[in-house]
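The values are calculated or read from the model by the stated rules, or taken from the named source; none is laboratory data. All of these numbers come straight from a predicted model, not from anything done at the bench. Here the Cβ is made from the backbone with ideal geometry for all residues, glycine too, and neighbour counts use every protein chain on show. Quick note on the areas: whole protein, heavy atoms, side chains included, nothing else; ligands and nucleic acids left out. Shrake-Rupley method; radii C 1.70, N 1.55, O 1.52, S 1.80 Å.
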Amino acid sequence: MINRESTSLSAFFLGLKRDTRGVQQVFIFPKSQEKDESLFHRNLRYLILALSDRISLQQIWVETTHSSIVVRVTRHFVLGAVLNEKANLALVSALTGRIASKVDSYFDSFRRTDTRILENRIQDRIDETMASSRSTGTSRLELQVDGLSISGTVVVTVPSQEEVSTMKERIQGIVEEEVPFFCENKVSVDIKTEIALFRIRGLTRQTLSKVIQRIQGM
Amino acid sequence: MQLKILITGTYNAGKTQFIQSISEIEPVKTEKRIVSHSGNEKEKTETTVAMDFGRITIDDEIALHLFGTPGQDRFDFMWEILSEGILGYVVLVDSSDSESLEQTRRILKFFECVNAPFVVAANKQDVEGAADLDTIRDKLSLPEDVPLIPCVALERESVKQVLLSLLFKVSDLLEE
Ligand SMILES: Nc1nc2c(ncn2[C@@H]2O[C@H](COP(=O)(O)OP(=O)(O)O)[C@@H](O)[C@H]2O)c(=O)[nH]1
Ligand SMILES: [Mg+2]
């Protein structure tokens, strides 16, 4: 099941990227070969392939003068972080270890889950967000899963132009947390403003029919 | 309560005429003075920005205002200000001028983000050789649900029909 726990694992991974001191970059990619993998991914994969012939490999730690790379190897993934000298190695090692220990079961359940469930979860959270910001907007979303890439659009309508940028940030945050962190997130978030009409205060059907009658009588 | 409708379209499409045909007052011409950079009085250049404005009194409390957009690209920012709080807008097309059609596409695009109800009026239908509705719809790639109304801005009755079709569209939206 894609549940709260998996969301928190995603949040954990995002936290590793954003909030951990000395972490310059985080990465996760499938252990099997990808179509357009980067040079970095390919070389790491080769290294792991070469080494795992001899030893059972769970963690690699590459150290240079001013930086280091922590690499975790799981059944399906290679993940880790590039660190500078400010990083606390023991901490990063523990964090990546925790993610590594859970990512495979998350992945297995993800593969068994219908995209609908993911859509519904994102929808629920968007609704919650809109309710809490007392926004009267509407939203619509549609996702497609293609292997380890999720694409699609989330369209949210807000009442005023002023709300566009904050709402966009919030929705992107939700999507980022809900799209499994091992997937490539190609979901675009589109925030529209509500039809200008509904921003005209005091506009009623009665007012409008008066206008129509007047013009008809001209 | 003042309700606002914007009348837009390319230069010469008939915006001034459209507003004049239905307004209770003569369209107002607003003038803007531009002082040259040197600030020298004698070098003062003057430019005229014609802004069409019309009014229809509905009752003691309600008035309908019609604003025309100035027809040059450099006034795009004005369009944005003018679109604030509008009930909807009319896009006037000069059916007798094929170049106008091309420019109208840009106007339609510009107003997309205003996200207000609109109708397109194929103006100057009385002119010989004017493009017919099908041709115009096709050239503008107008979706079927956008009303396209034949129009002769010189005639009040025709202008009425255009405004009414916009108002009915607004009314439908309010009902939803
Ligand atoms: N024959 C004909 N001429 C029109 C019509 N509407 C406007 N015109 C003329 O087209 C010219 C441009 O109209 P105007 O309202 O000034 O266009 P604007 O630049 O959009 O304000 C004027 O000479 C009008 O009299 C119409 O429906 N039929
Ligand atoms: Mg004019």
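Here A:ALA50 and A:ASN88 are evaluated by their C-beta separation; at R0 = 30 Å the FRET efficiency comes out at 0.50. Students often get this wrong: which residues of the range A:199-218 have the backbone nitrogen under 19 Å from the point 7 angstrom along Cα-to-C-beta of B:ARG156? In the range A:199-218, the label zone of B:ARG156 (backbone N under 19 Å from the point 7 Å along Cα→Cβ) covers A:211-218.
Distance from the alpha carbon centroid of the range A:42-119 to that of the range A:6-25 works out to 13 angstrom. Judged by the ratio a/c of the largest to the smallest principal axis of the C-alpha gyration tensor, the range A:107-218 counts as prolate, that ratio being 1.5 or greater while a/b is larger than b/c.
For the pair A:ASN120 and B:LYS109, label points projected 7 Å from Cα toward Cβ lie 4.2 nm apart. Taking 12 Å as the straight-line reach from the Cα of B:LYS15, the aspartates and glutamates in range (excluding those fewer than 8 positions away in the same chain) are B:ASP52, B:ASP94.
Percent of Cα-Cα pairs more than 22 Å apart in the range B:55-134, please. Walk me through the numbers before you get to the answer.
Working: 1082 of 3160 pairs.
When every Cα pair of the range B:55-134 is considered, 34 percent fall beyond 22 Å.
In summary, the helical segments of chain A meeting the span-like criteria, namely a full DSSP H run, a Cα extent along the axis of 30 angstrom or more and a mean Kyte-Doolittle hydropathy of at least 0.0, are A:89-112. Overall shape: prolate for chain A, with the ratio a/c of the largest to smallest alpha carbon gyration tensor axis at 1.5 or above and a/b above b/c. Shielding by partners for peptide A:201-212, expressed as the average number of C-beta atoms from other protein chains within 10 Å of each residue's C-beta, is 5. Note on chain A: Lys pairs 8 or more places apart or on different chains, Cα atoms under 19 Å apart, count 7.
For the protein assembly as shown, the share of accessible area belonging to carbon and sulfur comes to 48 percent (1.4 Å probe, ligands and nucleic acids excluded).
Averaged per residue, chain A has 56 square angstrom of accessible surface, using a 1.4 angstrom probe with ligands and nucleic acids left out. Leaving ligands and nucleic acids aside, the A/B contact buries around 2400 square angstrom of accessible area in total at a 1.4 Å probe radius. Per-residue ellipticity at 222 nm computed for the protein assembly as shown from its helices equals -13000 deg cm²/dmol, with DSSP H segments shorter than 4 residues left out and the rest contributing -39,500 (n - 2.57).
Look at the stretch B:159-171: the mean tally of other chain Cβ atoms within 10 Å of its residues' Cβ atoms is 3. Taking A:THR207, A:THR166, A:THR153 in turn, the Gaussian network model of chain A (Cα-Cα springs below 10 Å) assigns the largest fluctuation to A:THR207.
Computing FRET efficiency as 1/(1 + (r/R0)^6) for A:GLN33 and B:GLU102, where r is the C-beta to C-beta distance and R0 is 41 Å, gives about 0.25. Shape class for the protein assembly as shown, computed from the alpha carbon gyration tensor (a ≥ b ≥ c): prolate, with a/c not under 1.5 and a/b above b/c.
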